[in-house]
Amino acid sequence: MHLKLKNISKSFDGVSVLEQVNFSDAINKLAIIGPSGGGKTTLLRIVGGLLKPTQGRVFIDKEEVDYSEEKLPQYRSQLGYVFQQSGLFHHLNARANIALPLEVVHGVNKSESLERAQELLIRFGLSAEGDKMPSQLSGGQQQRAAIARAIAASPRLVLLDEPTSALDPEYTNEVLDVINDLGKTGIRFIIVTHEMGFARHACDKIAFLSGGKLIEYGASSQVFEAPKTPTLQRFLSKLLEWRV
């Protein structure tokens, strides 16, 4: 999948969050990193059709994203989303959380939806949790169920917004392992993350955003081993200061 961003800017109440972001490359496993408030989540939400840019254009495989209310539902249905909090429906059990969107959004019949949901529950180590409500699941289990829901309809691209930020370390690792496995099976994803080890070793490309601007972009090994700008050099040095 090819993603192109042309002069993407976004402001809220006159405050600029993104400034003239330009990007063009094939997407497989892309990590967006950078300091808090740098515009990472805003950019991800624009790519996902959840926010309309103040200025600029987005292209997926050379087709421009139409941000009109008439066209957005169809575009969004082609993508999978995983948020900081799982976003599971609290009144549905884990199985129904995966199956219901297949029925409502994608028109899959109920029996096939439930079969697909059970298949994914087994795949993500949740075979015994299908009848549990989200409140009965651990944080890691909730995020694994959310990832299962995101990939259930075989989306063109999965967008993950800091999916481990609210998790304890033990659950963080299990969720990152699941995402890593997705990449190995050919599922394309963009992840906003502060987990630098995952970004470096599980993602093939890195985009570094700071102050609403795309400061550096390149292969993960290049970005981490030979950062070109003082901004990225300072960012990485601060992260590594307390490294065990």
Scanning for something in a helix (DSSP H, G or I), touching a Gly at 6+ places or on another chain (Cβ under 9 Å), over 24 Å from GLN222 (Cα atoms) and of a type in the set (Lys, Arg), does the stretch 122-141 turn up at least one residue? no
Out of everything in the stretch 39-59 that is of a type in the set (D, E, K, R) and in contact (Cβ under 8 Å) with a residue 40 or more places away in the chain, what residue ends up being farthest from LEU159 (Cα to Cα)? ARG57
Using the structure shown, decide if LYS62 is farther than 20 Å from ASP161 by Cα and in contact (Cβ under 8 Å) with a residue 60 or more places away in the chain. yes
Here are some conditions: (1) more than 17 Å from PHE189 (Cβ to Cβ); (2) modelled with pLDDT of 95 or more; (3) of a type outside the set (Lys, Arg); (4) surrounded by 14 or more Cβ atoms within 10 Å (Cβ to Cβ). GLU64 meets all but one. Which one does it not meet? (4)
Quick check on my filter: what residues within the stretch 137-171 are more than 23 Å from LEU114 (Cα to Cα) and without any contact (Cβ under 8 Å) to a residue 24 or more places away in the chain? PRO169
Positions within the stretch 173-192 being β-branched (Val, Ile, Thr) and within 14 Å of PHE83 (Cα to Cα), in sequence order: VAL175, ILE179, ILE190, ILE191, VAL192
Kindly indicate the residue of the stretch 122-161 that is within 13 Å of GLN78 (Cα to Cα) and touching a strand residue (DSSP E or B) at 6+ places or on another chain (Cβ under 7 Å) and also surrounded by the most Cβ atoms within 10 Å (Cβ to Cβ) among those meeting that condition. ALA150
Enumerated strands (runs of 3 or more DSSP E) restricted to the stretch 1-120, each holding at least 2 residues that are farther than 23 Å from LEU176 by Cβ and touching a strand residue (DSSP E or B) at 6+ places or on another chain (Cβ under 6 Å): 2-12, 15-26, 55-60
Residues satisfying the stated conditions in the stretch 1-29, i.e. hydrophobic (A, V, I, L, M, F, W, C) and either in contact with a helix residue (DSSP H, G or I) (Cβ under 8 Å, 6 or more places away or on another chain) or free of Cβ contacts under 8 Å to residues at least 60 places away in the same chain (or both): LEU3, LEU5, ILE8, PHE12, VAL15, VAL17, LEU18, VAL21, ALA26
Quick check: is even one residue across the stretch 19-32 at pLDDT 95 or above, surrounded by 13 or more Cβ atoms within 10 Å (Cβ to Cβ) and farther than 25 Å from PRO227 by Cβ? no
Residue check for LYS40: modelled with pLDDT of 95 or more and either among the acidic types (Asp, Glu) or touching a Phe, Trp or Tyr at 6+ places or on another chain (Cβ under 8 Å) (or both): no
What helices (runs of 4 or more DSSP H) completely inside the stretch 182-243 contain at least 2 residues that are within 23 Å of VAL47 (Cα to Cα)? 196-202, 220-225
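The values are calculated or read from the model by the stated rules, or taken from the named source; none is laboratory data. Predicted model only: the values in this text are computed from it and were never measured. All Cβ positions, glycine included, derive from the backbone under ideal geometry; neighbour counts span all protein chains shown.
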